[in-house]
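The values are calculated or read from the model by the stated rules, or taken from the named source; none is laboratory data. These figures come from a predicted structure and were not determined experimentally. All Cβ positions, even for glycine, are placed from backbone atoms using ideal geometry, and neighbour counts span all protein chains on display.
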C-alpha cells in the first residue's frame, strides 16, 4: 500500500511566500495553501489552494482536518500568527503559544519581557487611547528628544517617526495610532548607530544565528527600509555580542521551534534590541538573501522544525547578496512599464520585481508597501554586491516610464 504524502498547511501565497511553497515541494510535501486573495501568485504552485479570510478560524480548521496536515507554517508575515497559535493549541501543531505570539506582536509586551530578562533595549513608555502625555511625564520616564514614536502593534515601518520635540509627538500621534489595532503608541529612546537584522532558527531550545544583515533606511523622520546587504561585516567581538543579545531576546520572548528576525542597533554602548519577530524576516531577507549569501534555505528549515525535524542549517558557501528598492518621482503618473523581466537573465541578478502599473500614481515612500519594485543581486565581495545592486536597480527604474500629472489629473 502506497504511503500517504505528508501535507503542510501554508499561510500566504503572495510573492514573499513563493520560496516557502517551493521548499515544501522540495521536501516531498503536499502543500495546502491559504490566502485572502483569490489570484495570489502562489496559487499555481500549490497542490491545494483556498481563498480564506485571515480571521476565519473555523474554515481554516476544517481545511487542516480535511487534508490531515502535519504542520503549519508562514513566512515574512505576522497577520496570520494569532490564528495559527489558536489552531496549534487546538490541533496539536508545533507553533508558538498564544502568549508567545502576543509578546512577539505587541511591542509593549515585548519591551516588558526584554526588561525583565535584562535584554539591552531602548527605554520606552506607552501612550494609551485618548492620552497625549505631557512633556514632563515623558521626561520623568528618562526619555529625551530625539525619540522614536511608533504604533504598539504594526509592521512594515507603518506609523514610525523620529520626533525631535514634544510638538512632533502631537503632530504625528494621530497617524501613528491609526496603524495600531489598539489605538496605542510607544515613545522610545532614540538609539544612535547603524541598524542590523539577525536571522535565526531555534530548534528545541537551541538557537543558530544563520546570518546578520546590514540595513539601509530612508532619512528621518520616517524609517523605511530601502535595502539590505548580507553578510554584515562586523568585528568578531561585536558580532559575538550581537548574537548573544539576540539569543537572550529569543529566550525572553519564549521563541522555540521557529525562525526569528531580530532588529538591532549598534550603539556606542553595544548592541541594543529594537524588536524581534517570531517569524522569517521580510523583504526577501530570509529567502533569497540568506540562500544567496550562504546557501542555507531558511524556508526549508522552518518547515522542518514545524514538523519536529532537525533543520538543515549547514552553510554551503560565502558570498554577498543585496536587495535594493526602487525610488521613483512621487506624484508622477506611470505611463508605461517596459520588459523588466529581462533583468532576470543577468548573471548577477537573483530576483527582481516591479509592482507598479501603467495608470498608477507613484506614492511618496512612507511605508514599505509604497516601494515600487526591487532587485536582488549577488557578488563575490561587499563592494561587488553593492555596485551590482546600484547598476541593476538603475536598469530596473529605466523600465518604468512616468510623467508629471498636469491640470485636472491629466497627462
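The table below gives the values:
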{"read-out": "Single residue of 85, 165, 89 found to be buried (at least 22 other Cβ atoms within 10 Å of the Cβ) and without any contact (Cβ under 8 Å) to a residue 24 or more places away in the chain", "value": "85"}
{"read-out": "Every residue from segment 53-82 that is within 21 Å of residue 152 (Cβ to Cβ) and surrounded by fewer than 17 Cβ atoms within 10 Å (Cβ to Cβ)", "value": "54, 55, 79"}
{"read-out": "Out of 290, 362, sole residue that is in contact with a strand residue (DSSP E or B) (Cβ under 7 Å, 6 or more places away or on another chain) and surrounded by fewer than 22 Cβ atoms within 10 Å (Cβ to Cβ)", "value": "362"}
{"read-out": "Flag for residue 136 being part of a helix (DSSP H, G or I), touching a residue at least 60 places away in the same chain (Cβ under 8 Å) and surrounded by fewer than 14 Cβ atoms within 10 Å (Cβ to Cβ)", "value": "no"}
{"read-out": "Cβ pairs under 7 Å, 6+ apart, first in segment 374-388 and within 9 Å of residue 319 (Cβ to Cβ), second at pLDDT 95 or above and assigned to a helix (DSSP H, G or I)", "value": "378/292; 378/385; 379/385; 379/388"}
{"read-out": "Some residue of segment 2-12 being in contact (Cβ under 8 Å) with a residue 24 or more places away in the chain, in contact with a strand residue (DSSP E or B) (Cβ under 8 Å, 6 or more places away or on another chain), part of a loop (DSSP other than H, G, I, E, B) and crowded, with 22+ Cβ neighbours inside 10 Å", "value": "yes"}
{"read-out": "Lone qualifier among 135, 117, 139, 165 - being out of contact with any strand residue (DSSP E or B) (no Cβ under 7 Å at 6 or more places or on another chain) and under 18 Å from residue 278 (Cα atoms)", "value": "117"}
{"read-out": "Output for segment 225-272, where each listed residue is part of a loop (DSSP other than H, G, I, E, B) and closer than 13 Å to residue 211 by Cβ", "value": "231, 232, 233, 234"}
{"read-out": "Hits in segment 198-224 (condition: in a loop (DSSP other than H, G, I, E, B) and at pLDDT below 95)", "value": "218, 219, 220, 221, 222, 223, 224"}
{"read-out": "Options 347, 372: the member that is surrounded by fewer than 12 Cβ atoms within 10 Å (Cβ to Cβ) and assigned by TED's automatic domain parsing to the domain that holds residue 291", "value": "347"}
{"read-out": "Verdict on residue 131 being part of a loop (DSSP other than H, G, I, E, B), farther than 23 Å from residue 264 by Cβ and outside the structural domain of residue 205 (by TED's automatic domain parsing)", "value": "yes"}
{"read-out": "Scan of segment 15-52 for residues that are in a loop (DSSP other than H, G, I, E, B) and either buried (at least 21 other Cβ atoms within 10 Å of the Cβ) or in contact (Cβ under 8 Å) with a residue 60 or more places away in the chain (or both), ordered by number", "value": "27, 29, 40, 46"}
{"read-out": "Given (1) surrounded by 12 or more Cβ atoms within 10 Å (Cβ to Cβ); (2) in contact (Cβ under 8 Å) with a residue 12 or more places away in the chain; (3) within 21 Å of residue 285 (Cβ to Cβ), index of the condition residue 338 fails", "value": "(3)"}
{"read-out": "Any chance residue 388 is at pLDDT 95 or above, more than 21 Å from the chain's Cα centre (by Cα) and either part of a loop (DSSP other than H, G, I, E, B) or exposed (fewer than 15 other Cβ atoms within 10 Å of the Cβ) (or both)", "value": "no"}
{"read-out": "Selected residue [touching a helix residue (DSSP H, G or I) at 6+ places or on another chain (Cβ under 6 Å) and in contact (Cβ under 8 Å) with a residue 12 or more places away in the chain] from 227, 205, 254", "value": "254"}
